Every structure is written in structure tokens, then in C-alpha cells.
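Written below as C-alpha cells is the structure these notes are about.
The values are calculated or read from the model by the stated rules, or taken from the named source; none is laboratory data. Quick caveat: nothing in here was measured; it's all calculated off a predicted structure. When we count neighbours, we look across all protein chains shown, and the Cβ atoms used for this are built from the backbone with ideal geometry, even at glycine.
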């Protein structure tokens, strides 16, 4: 009798007990056992600390608008586990997931595990193989593949010949695995760059950019830098200069003249952002609508637009045209990235989970919700740099914050809500602070604390975003009915 989708999910999640172990040998053996489905896929491989998912979603949406059949592999998920593996925006069907697990992957994993504990595959390795099987079976034209952790030893890095490698913004996260300096972290992320394959970098801090550019030179990769056009400027950086980091650091010299993709922000509001783009593949595109909110999404859009432009310029995606660029960007849907529900008060659900993400979120709150009193709902994993995250979102850095409801993401790595509340009080002794372990309960309390002219923001972990979105919708509807 065929085993069910629910049982397949239990099997997959049961592999969590073997932990997370970087390295490629186990996943290579697993893939070999099921026919090497990744070989022959045309892959856009996306690494980075922040922005990977947004850049992947924009890239996939634009390629799909151009008429290509596009696979998208992401980690983690917000709505449904199957969200991690999708083709043209459709999640992998439950029956196919169950069949691939029980008929192919679970038997292969069991045979490999018989060789000893070091051969036991991890959850992420099995899910990666599951994705490759589905994408190969679906005969996708492109796979936009987001790295899970790092790059060099991430399970997705079995992709030896990508069509394009992309490195989004690099910051401090997973320092226990990837290194304690930006140079060390950048070296791990740059592991997705492969011999002679084009590479695109988002705006970076100078030390990170130097490492990525050096890796591109060593591997003979045509290298492209995405970024913003300076006010009053008409193009990218000059010869031998890769530009400045996102915090305005000194220019980075590379001894060459990198090709650049540039965007100019024309308008930003809670309804969306309007951009102009010029760079590889497209001489000038004006008035592009970006539905994703926040200044950081302008940099992410620059990276995605440059990525698809490079595919076009290298003859890898000749179907890309102005219409696809415009429609694909405008159709990008990416939940829990400064996603706004309601208006009195607006409830923002965001996936920021590390200090660089918190700083981006703080800037977005200041620019898009200026002058509003803020009530935060925060839930974090205990293995994050919790204090640095909190400092970026609490007074004095964000003086508009008046109250915090600490909660607990549904993860075994979650910091208990009472412990997080204590950390908030230690850093912000004048704040009103409460602890509510249930995410939905925390959101409801925060909305109750906020007046119509205030704003609520939920952040700290993508793992809590699904429940937070449901609670935000319900709270907005309840407020609307109360006003009616």
C-alpha cells in the first residue's frame, strides 16, 4: 500500500535528528543512487546572507514571464513545506512528493546509511535531491536555486556548471560555520562561482566584494556588479573600480573594468516602488514596478535585473525582452518580506532574522512608516546574534518603538519567549515588554496595544511568518468589522 504525503513529511522532518552537516559527498552519493537528476539542469545559483529569496523570486518571475518553464528551490518556507520546490509558481504536488520519497529517496538513503553514520544523509540533503528529481521530471528550462547555508559546502553546490552564479548581500550570520570575518564568509559564499560561468554580485562591503571579485578572476568568470545609479550620475563605476559597499565604504579596485547593472529609484510608498534599469541585456528600461517594499529590495531588484540581463547578453535566455522584464518584476510575489496587512494600524510581517536584516528592516520602517509609534513582535532562534539583532530594532536606534511582545518561533532552536523578553528589557529598560509564546497570541496582543495611527511589525524568524501572516489577516479583519 502506498504511503502518504503526511508520512513522507514525517520521514523528511525525522532526518533533523542527524543535524546539519556541511559537505558534498553524502548528497553526491544520494544523487548518484537516483540517477543524478541535477546533471543537465540549467541553473541560476543564488548564494548570500540576505536577499537570496527575494532575488530568486524576482529572477524566476521574470524568466517565467518570458515564456520559460522555471523551477524555484528555496529555503526555508512560509506557507507550506511544498513551497520549497515549485515549477512556474506551482508547489510540488503532494502525491508526487510522496512517490519520490518512498519509491526513490528513502530506499536510496537507507542503503547509503548502512555504510555507517557518516553516510547518513541530512534533511536538507534529501530535500535538495527531492527538488532536483522534481525539476528534472518537470523538464524545466531554468532552475533558480537558492543556497541553504554558505555556498562552498552547501548541498546545492553539487551544481558544477551553472548558467549563472549570483551572490547577494553578505553579512554576519552562521559565523560558527562560515567564519568570523566578512572575508571568510564571502569566500564560502563565492564557492558557487564556477569556471567560466558568468557571475553577478549585489552591492557589498568592500572586503566582501574584493573576495568575490578575486574568485571570479581566478575562475575566469565574466563578472557583473549590480547596484544603484548615483544621484545625478549616468552609469556604473569607472575602470578598475567595482564601486562602493552598501554603507558607503571606499572604492574597491580590481584592476579591470567590470560590467555593471544599475537601477535608479524613482518612487517608493506602501503601494510599491518604481525603478529604472540599465545594464547588461537592456540598454534602458524605465518605470519598472516593484511590488516588494523597502530600500533593501531596490538593491535586490538591481541584482535580479542584472542577473536576467546577463542571461540575455550571453545568449542563454534569448526570449527575455522588455515586456518580460516589466511583467515579471511586477508579478513577483514573496510573502513575509515587509508584507503589509491593513492600515489602522498596518501590520508588517518580515523575515529579518539576523543583524544585517534587522538594520534593513529598521531603515524600511523609518522610511515607509515615518513618525509612527511602533509595537514589535519578536521571536528569534537561540543560535543567532540576538543582542545585535535587538540593538538594531530597539531605541535608541529605532526610537519609535514603544512596546515589544516577545514570542517563540515553532523551531527546536527557538529562544524561549520569556528569555527573549528579558534580553529586550536589558537593552531597552523603558519599553513595555510582554512574553507570549504563541505567535498568533503575540500578534493579537500587539495589535491590541497599537492605536490606529501606530504600526505593528513582526520579525526575527521566517519560521514564525506563516502563523504571523494568518494572525495579522485575522486581526485586520476583526478591526474592520469592529469599525463597521
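Quick rundown of the values:
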{"quantity": "Odd one out for residue 8 among (1) touching a helix residue (DSSP H, G or I) at 6+ places or on another chain (Cβ under 6 Å); (2) closer than 30 Å to residue 186 by Cα", "calculated": "(2)"}
{"quantity": "One residue from 265, 225 being surrounded by fewer than 21 Cβ atoms within 10 Å (Cβ to Cβ), at pLDDT 50 or above and either in contact with a helix residue (DSSP H, G or I) (Cβ under 7 Å, 6 or more places away or on another chain) or not in a loop (DSSP other than H, G, I, E, B) (or both)", "calculated": "265"}
{"quantity": "Condition met for residue 433 (in a helix (DSSP H, G or I) and modelled with pLDDT of 95 or more)", "calculated": "no"}
{"quantity": "Residue under evaluation residue 64, criteria (1) at positive phi; (2) in contact with a strand residue (DSSP E or B) (Cβ under 9 Å, 6 or more places away or on another chain); (3) modelled with pLDDT of 95 or more, criterion not met", "calculated": "(1)"}
{"quantity": "Residue match in region 213-221 (condition: touching a helix residue (DSSP H, G or I) at 6+ places or on another chain (Cβ under 6 Å) and part of a helix (DSSP H, G or I))", "calculated": "yes"}
{"quantity": "Enumeration of residues in region 371-418 that are free of Cβ contacts under 8 Å to residues at least 24 places away in the same chain and in a helix (DSSP H, G or I)", "calculated": "418"}
{"quantity": "Residue count for region 436-484, restricted to those that are touching a strand residue (DSSP E or B) at 6+ places or on another chain (Cβ under 7 Å) and in a loop (DSSP other than H, G, I, E, B)", "calculated": "5"}
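For every residue, the table says whether it meets (1) surrounded by fewer than 16 Cβ atoms within 10 Å (Cβ to Cβ); (2) modelled with pLDDT under 95; (3) touching a helix residue (DSSP H, G or I) at 6+ places or on another chain (Cβ under 6 Å).
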residue	(1), (2), (3)
349	no, no, yes
352	no, yes, yes
365	no, no, no
378	no, no, no
382	yes, yes, no
393	no, no, yes
405	no, no, yes
413	yes, yes, no
